[in-house]
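Remarks on the structure that follows.
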Amino acid sequence: MSNWILIIIAGLFETAFAFCLGKAKLSTGQEQYWWYAGFVITLCISMFLLVKATQYLPIGTAYAVWTGIGAVGTVLIGIFLFKEPASFLRILFLFTLIASIVGLKFVSEYCLVLK
């Protein structure tokens with residue numbers, strides 16, 4: 001179970017590095033460099049946690065869940081903080097992505113139990 005928590009935290013850090021990248025794009029001067037530094041730091045933390053979790057979880061499932069969490073988080077940050085559009089289709093596909101992430105986690109646990 002703790003490996004799934006690592007994947008969730010790694011996905012949140014993926015969202016954080018995307019946020020830093022977005023803020024760096026909107027910034028200038030010294031502030032921009034701080035956002036890029038935040039990007040590099042959160043990127044390294046996210047990758048480190050992903051590597052640790054994949055030592056015990058199937059790589060395909062772990063990577064897909066990590067990417068999915070980052071994608072969902074990044075879309076939500078885009079909508080709420082960067083004022084990106086929240087159209088019906090965008091929200092619909094966001095929910096299908098969340099359902100796919102949850103499904104992969106459960107299928108992965110089911111396959112591990114059968115071994």
Any chance L6 is more than 20 Å from V107 (Cβ to Cβ), part of a helix (DSSP H, G or I) and at pLDDT 95 or above = no
Within the stretch 77-84, can one find any residue that is of a type in the set (A, V, I, L, M) and either closer than 23 Å to Y110 by Cβ or surrounded by 15 or more Cβ atoms within 10 Å (Cβ to Cβ) (or both)?
-> yes
Taking into account only those residues within the stretch 3-22 that are free of Cβ contacts under 8 Å to residues at least 24 places away in the same chain and touching a Phe, Trp or Tyr at 6+ places or on another chain (Cβ under 6 Å), which is surrounded by the most Cβ atoms within 10 Å (Cβ to Cβ)?
-> C20
Could you give me the residue pairs with C-beta distances under 7 Å whose first residue belongs to the stretch 44-72 and is under 15 Å from T96 (Cα atoms), whose second residue is surrounded by 13 or more Cβ atoms within 10 Å (Cβ to Cβ) and among the β-branched types (V, I, T) wherever it lies, and which are 6+ apart or on separate chains?
-> V65/I7; V65/I101; G68/I101; I69/I8; I69/I101; G70/T15; V72/I98
Tell me, please, whether a residue that is farther than 21 Å from K25 by Cα, without any contact (Cβ under 8 Å) to a residue 24 or more places away in the chain and either assigned to a loop (DSSP other than H, G, I, E, B) or of a type in the set (S, T, Y) (or both) can be found in the stretch 96-103.
-> yes
Members of the stretch 23-42 found to be exposed (fewer than 13 other Cβ atoms within 10 Å of the Cβ) and of a type in the set (F, W, Y), listed by number = Y33
Criterion violated by I45 - all others in (1) outside any loop (DSSP other than H, G, I, E, B); (2) more than 14 Å from the chain's Cα centre (by Cα); (3) surrounded by 15 or more Cβ atoms within 10 Å (Cβ to Cβ) satisfied = (2)
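To keep it simple, each residue is scored yes or no on (1) out of contact with any Pro (no Cβ under 9 Å at 6 or more places or on another chain); (2) at pLDDT 95 or above; (3) not polar (S, T, N, Q).
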| site | (1), (2), (3) |
| --- | --- |
| A10 | yes, yes, yes |
| G22 | yes, yes, yes |
| Q30 | yes, yes, no |
| W35 | yes, yes, yes |
| I45 | yes, yes, yes |
| F48 | yes, yes, yes |
| K52 | yes, yes, yes |
| L57 | yes, no, yes |
| A64 | yes, no, yes |
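Going through the stretch 58-90 one residue at a time, which ones are closer than 19 Å to F17 by Cα, part of a helix (DSSP H, G or I) and of a type in the set (F, W, Y)?
Initially, the stretch 58-90 is screened for residues closer than 19 Å to F17 by Cα, giving 62-84.
Those still in the list that are part of a helix (DSSP H, G or I) too: 62-80.
Y63, W66, F80 - these are the residues of the stretch 58-90 that are closer than 19 Å to F17 by Cα, part of a helix (DSSP H, G or I) and of a type in the set (F, W, Y).
The values are calculated or read from the model by the stated rules, or taken from the named source; none is laboratory data. In this text, all values refer to a predicted model and were calculated from it rather than measured experimentally. Every residue, glycine as well, gets a Cβ built from its backbone with ideal geometry; the counts of neighbours run over all protein chains shown.
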